1. Name the single residue that is surrounded by the fewest Cβ atoms within 10 Å (Cβ to Cβ) among those in the range 88-124 being within 18 Å of residue 74 (Cβ to Cβ) and aliphatic (A, V, I, L, M).
2. Within the range 207-229, does at least one residue satisfy the condition of being open to solvent by 10 Å² or more (accessible area, probe 1.4 Å), free of Cβ contacts under 8 Å to residues at least 60 places away in the same chain and of a type in the set (S, T, N, Q)?
3. In the list 146, 170, which residue meets the criterion of being touching a residue at least 60 places away in the same chain (Cβ under 8 Å), touching a Gly at 6+ places or on another chain (Cβ under 8 Å), within 24 Å of residue 211 (Cβ to Cβ) and not charged (D, E, K, R)?
4. Among 204, 186, 133, which is the only one that is open to solvent by less than 10 Å² (accessible area, probe 1.4 Å), in contact with a Lys or Arg (Cβ under 8 Å, 6 or more places away or on another chain) and not in a strand (DSSP E or B)?
5. Yes or no: residue 188 free of Cβ contacts under 8 Å to residues at least 24 places away in the same chain and of a type outside the set (Gly, Ala, Ser)?
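The values are calculated or read from the model by the stated rules, or taken from the named source; none is laboratory data. These numbers were taken from a predicted model, which means no experiment stands behind them. Virtual Cβ from ideal backbone geometry, glycine too; neighbours counted across all protein chains shown. Accessible surface areas use protein heavy atoms only, side chains included; no ligands, DNA or RNA. Shrake-Rupley method; radii C 1.70, N 1.55, O 1.52, S 1.80 Å.
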Amino acid sequence: MTEKIRGNSVLPARREQIILETADGVSLVGELALPPAGEPVATMICLHPLPTHGGMMDSHLFRKASYRLPALAGIAVLRFNTRGTSSVQGTSGGAFDDAVAERFDVAAAVEYAEFAELPHVWLVGWSFGTDLALMYGLEPVVEGIVLLSPPLRYSKPEHLEAWAGSGKSVTALVPEHDDYLQPTEAGERFAAIPHAEVIAIDDAKHLWVGDAERALDEITKRLAPSVALPLPDGWDGPMERADSSAYRDRTVAAFAPRSAD
């Protein structure tokens, strides 16, 4: 019998708790979720929102990606807590460094995927994670990036120029009612990358509450273009339910107000 997929539905996958070791000696907790059978068609490395405001590897959109995409789209999902970040999965070593030493965290995740011979590696950043992708994600093995609610807060024009010169795929999913960068301005800012695709998501907000399915469809469209969309909203097979109560008070994952630099 087909059962409806809900926010806490966990579809089958081969899940492994992993530790990423950075070049500067920090251990990061993470998880790799592989399709329940066979090889993945692509790999999604998740770069989470701002940890000082609730962002973590278990932020709702990335939890749902891990719960669903291995089974529904054949995508391997690698998510981890950047330095100093805690979640139910555990606490990573080190301390938040305002997007500076986090370059080692991104490198460690990419290197793990490369050494594990995971195919077609993409970075998917959300909010703060989009800046990390733009600043540190231009690695040879990375085929492209998907940016969810990009604020362009830490990344600079030179980072956009580097992606422009790379020719690699850049997709920005910009909520209509985003708190930091809305579609019109995003189109202007991302014009620095002529091949970038800026997609306005009607009625959505920065945190994607209620719009996770739209985001997962757009991610799947880039990483696994042969998969039929929209992704199914039901599952005919074994399915578990996650306890989401631990995250009830950790949905902010946004930036505090900051004066101009």
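1. 116
2. For the range 207-229, residues open to solvent by 10 Å² or more (accessible area, probe 1.4 Å), free of Cβ contacts under 8 Å to residues at least 60 places away in the same chain and of a type in the set (S, T, N, Q): absent.
3. Details: 170 fails: touching a residue at least 60 places away in the same chain (Cβ under 8 Å).
146 is the lone residue from the list that is touching a residue at least 60 places away in the same chain (Cβ under 8 Å), touching a Gly at 6+ places or on another chain (Cβ under 8 Å), within 24 Å of residue 211 (Cβ to Cβ) and not charged (D, E, K, R).
4. Just a single option satisfies the conditions, and that option is 204.
5. yes
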